[in-house]
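What follows draws every value from the coordinates through simple rules; no lab data is involved. Just so it is clear, the structure is predicted and the values come from calculations on it, not from any experiment. Neighbour counts run over all protein chains shown; Cβ positions are idealised from the backbone, glycine included.
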Amino acid sequence: MTMTAEQQAVLRSIRQLVDFWQIAAHELASDMPVQRSIEPPPAPKGPKYRHPISGETWDGDGMQPQWLKDALIREGYLVEELRLPA
């Protein structure tokens with residue numbers, strides 16, 4: 001693998017710091033586990049609630065949207081009526 005000029009400069013700097021501070025190789029080992037792979041972000045959740053007339057949806061995360069508050073308070077819907085089947 002060919003290193004870029006920036007990578008080579010960083011490597012030189014690290015080697016100089018290791019030499020200056022007299023750091024041994026075993027001291028560079030960490031007790032923290034190394035993350036070998038990056039996990040993909042979780043898939044987006046589908047909607048959990050839907051207004052039966054407007055079709056607006058909400059996934060249940062974060063603050064309740066205004067349409068849901070209006071449906072519950074002003075329009076008289078029950079939460080169970082707006083909840084989608086799992």
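For residues that are aliphatic (A, V, I, L, M) and assigned to a loop (DSSP other than H, G, I, E, B), scanning just segment 55-86, find the one that is surrounded by the most Cβ atoms within 10 Å (Cβ to Cβ). For segment 55-86, the residue satisfying everything is LEU84.
Entry remark, segment 1-54: residues being surrounded by 10 or more Cβ atoms within 10 Å (Cβ to Cβ) and among the basic types (Lys, Arg) number 4 in total.
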